[in-house]
Structures are given as structure tokens and as C-alpha cells.
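The values are calculated or read from the model by the stated rules, or taken from the named source; none is laboratory data. Model, not experiment: these values are computed from the prediction. Here Cβ is always computed from backbone atoms with ideal geometry, including for glycine, and neighbour counts include all displayed protein chains.
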């Protein structure tokens, strides 16, 4: 597809996709190349793709095709917006590098353009705060869940893939 | 009036009854072994008890999805401890000091429970620790599903302790 057509697609994406995100399709196929000793349950990893116009404004684009591999797993032909059920990995000092798996790397392509993708595993979780108010009226807020991050499994987070403005 | 209340109570209890009976848990807890000594300075006196139960997927008489408790043999593994528990059973787990002197305020490692039954079904669950008086609302076994509630004051200073129950679903 030509650059002009890509620009037209981007313009269309801006025109129709500004308010609602497209639905995810069926989960893409994930192959386990090598089963690590700390492989645990699977978790959904969502990938969405965006195009940027000359003014730097982003709009979601559907149909970008992504192929990723970590050496342990391979995600085949995920079409954006798409989801893949990829393994999580137990974290602990008893595993090398605390069990952190290699990053998922690969490319996403749409309309003849491609961009490299790298997804690092993380164990971070969103902070959940709890609040308590003492008799004197002082409110204390404590973040809880982030403290558990060193004990939680590694997982691949959802990712935004951005294609730069067509030249 | 009393009869009416009794009938109402029976109806409520009947409606809440589990479709399959739970198995009896022996009183005495099973202990665990420490596999690393250097970490013991973080461990405080006393233990907490966590009840381990294993389940398999089942269907009720009216065709609804449910789970049925079955006996199983479960192993525990973390950076610090190892153990074997015949489910259902209580296991005595260490408590950990929470202080800023330790990395991550001394949060202890999560414990992986791996259960197997006599028919070869197996399953896993991950048990994390929480500060005292802070309880999980939606379970703590899956990343992203952690919701905690409790008092901030207790959460900031109390010992880390493992949840009182772990449920392992086997397939």
C-alpha cells in the first residue's frame, strides 16, 4: 500500500475511531517454545496500535499484525487490537534473575509499514490505597499492593504500538 | 411466630448451602521447614494458620458449574520454606516483621501451592502475605485481581502474615 493510502487510512481512523475503541478479537495463538521452571498461569496481554498524524495526534488503527517472541514463548500473528494469553512466571530469589523472563520482541506491521516492539515483563501492580481516619480527624492513606510487587509473578503488560506519521 | 422464623431461617440456610459437602479439617496444623537461614531474622515469634483445600470442577444436579472438595497432597514452595500438606489441612506459616529496614518493608515471598489428587489431577495457587488486619476481598492468587481493604495504620506497621485460607482448583 502506498504512503498516500496509509495516510488516508490514518485519516479514516481519526475520523471514525475517536470515541470508541475497537473490540478485541479472539485470543491469538501462543506457542511455548521452552517451558521455564517458574512458568505459572497465563494472563491476557492486549496490544493496540495507533497512528500519529503530522500534528502528533494519535488514533487507533485496526489490523496491524504483530509477531513476538521471548525465546520461551512465541505470539503468532496477533492482529490489533488483539489479545494473547501469555504465561506469567513466578518471581523469587530461588530463580535466576528472580525468574524474570526475557522481553517479548518482534515487529508490528500495517499497510507496508512496520515498527519494532519490545515488551518487558513486570511484576508491578497498580497501587490500591486504603484510608483510615483517626479520632482526631487525621486521615492516613497507605498504598498496599505495590509492596507486594517483589512477591508477585512476572507478566507481560498490555502495550500500545505507535506508528509514526506517514512521510 | 417462632415456627415462621424457623422456616425462614431454614430457607435461607438451605439456599446458601454448598452443593457439595466440605471435608473435615484436622485440628493440628502441619509445620513447614525453612530452606534458608539468613532470612530468619525477619521472622517474628509465633505462626499463623492457613487452611489448604483442594477442589475439582463439578456440576450440580441442576447442571450448574461448581467445585467439589477432594483429598489431595499439596507441596509448598517459596524462597524461604518447603513443606508437604495433605489437604484439607491447616499449615502453620511464619509471620514476618514489617519495617523500613528491610527491602520492600520485609514483605515475605509468596508461597506456591501445588496439589495433586489420587486421579492425577493437579493445580496450583499462589499465596501472598498481607499486613495484619488487612484482608483480601477478591482473592490474592492472580496478578491484577488484588483488592485490599483494612486500616491504613495497621497496614503500615503490622506483621506480614499469610492469608488464612488457600484454595487450589485441580484439573
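Just one residue in the set A:62, A:105, A:115 is buried (at least 16 other Cβ atoms within 10 Å of the Cβ) and away from every other protein chain (no Cβ under 14 Å); that residue is A:62. Is at least one residue of the stretch A:25-38 at pLDDT below 95 and within 13 Å of the chain's Cα centre (by Cα)? No, every residue in the stretch A:25-38 fails to be at pLDDT below 95 and within 13 Å of the chain's Cα centre (by Cα). Looking at B:85, B:70, B:12, B:30, just one residue is at pLDDT 90 or above and over 30 Å from residue A:98 (Cα atoms), and that residue is B:70.
Please verify whether residue A:72 is more than 17 Å from residue A:158 (Cα to Cα), more than 12 Å from the chain's Cα centre (by Cα) and surrounded by 22 or more Cβ atoms within 10 Å (Cβ to Cβ), treating the condition exactly as stated. The answer is no for residue A:72.
Checking each residue in the stretch B:119-138 for being more than 9 Å from chain A (Cβ to nearest Cβ), part of a strand (DSSP E or B) and modelled with pLDDT of 65 or more picks out B:122, B:123, B:125, B:127.
Does residue B:52 satisfy being within 14 Å of chain A (Cβ to nearest Cβ) and either closer than 24 Å to residue A:149 by Cα or touching a helix residue (DSSP H, G or I) at 6+ places or on another chain (Cβ under 8 Å) (or both)? Spelling it out, it is not the case that residue B:52 is within 14 Å of chain A (Cβ to nearest Cβ) and either closer than 24 Å to residue A:149 by Cα or touching a helix residue (DSSP H, G or I) at 6+ places or on another chain (Cβ under 8 Å) (or both). The one condition from (1) modelled with pLDDT of 75 or more; (2) within 29 Å of residue B:68 (Cα to Cα); (3) within 11 Å of chain A (Cβ to nearest Cβ) that residue B:108 does not meet is (2). Screening residue B:141 against (1) within 11 Å of chain A (Cβ to nearest Cβ); (2) modelled with pLDDT under 90; (3) surrounded by 18 or more Cβ atoms within 10 Å (Cβ to Cβ); (4) over 12 Å from the mean Cα position of the chain (by Cα) leaves a single unmet condition, (4). For residue A:57, are the conditions met, namely being in contact with a helix residue (DSSP H, G or I) (Cβ under 9 Å, 6 or more places away or on another chain) and either surrounded by fewer than 16 Cβ atoms within 10 Å (Cβ to Cβ) or free of Cβ contacts under 8 Å to residues at least 24 places away in the same chain (or both)? Considered against the rule, which asks whether it is in contact with a helix residue (DSSP H, G or I) (Cβ under 9 Å, 6 or more places away or on another chain) and either surrounded by fewer than 16 Cβ atoms within 10 Å (Cβ to Cβ) or free of Cβ contacts under 8 Å to residues at least 24 places away in the same chain (or both), residue A:57 comes out as yes. Among the residues of the stretch B:73-98, those identified as under 21 Å from residue A:152 (Cβ atoms) and assigned to a loop (DSSP other than H, G, I, E, B) are B:78, B:79, B:80, B:97, B:98. Note on the stretch B:99-118: among residues that are under 15 Å from the mean Cα position of the chain (by Cα) and not in a loop (DSSP other than H, G, I, E, B), the one that is surrounded by the most Cβ atoms within 10 Å (Cβ to Cβ) is B:115. Being closer than 26 Å to residue B:35 by Cβ and either outside any loop (DSSP other than H, G, I, E, B) or touching a residue at least 12 places away in the same chain (Cβ under 8 Å) (or both) is a property that does not hold for residue A:74. Can you find even one residue in the stretch A:131-145 that is within 30 Å of residue B:104 (Cα to Cα) and modelled with pLDDT of 95 or more? Checking the stretch A:131-145: not a single residue is within 30 Å of residue B:104 (Cα to Cα) and modelled with pLDDT of 95 or more.
Scanning the stretch A:25-47 for residues that are surrounded by 15 or more Cβ atoms within 10 Å (Cβ to Cβ) and more than 24 Å from residue A:152 (Cβ to Cβ) yields one hit, A:28.
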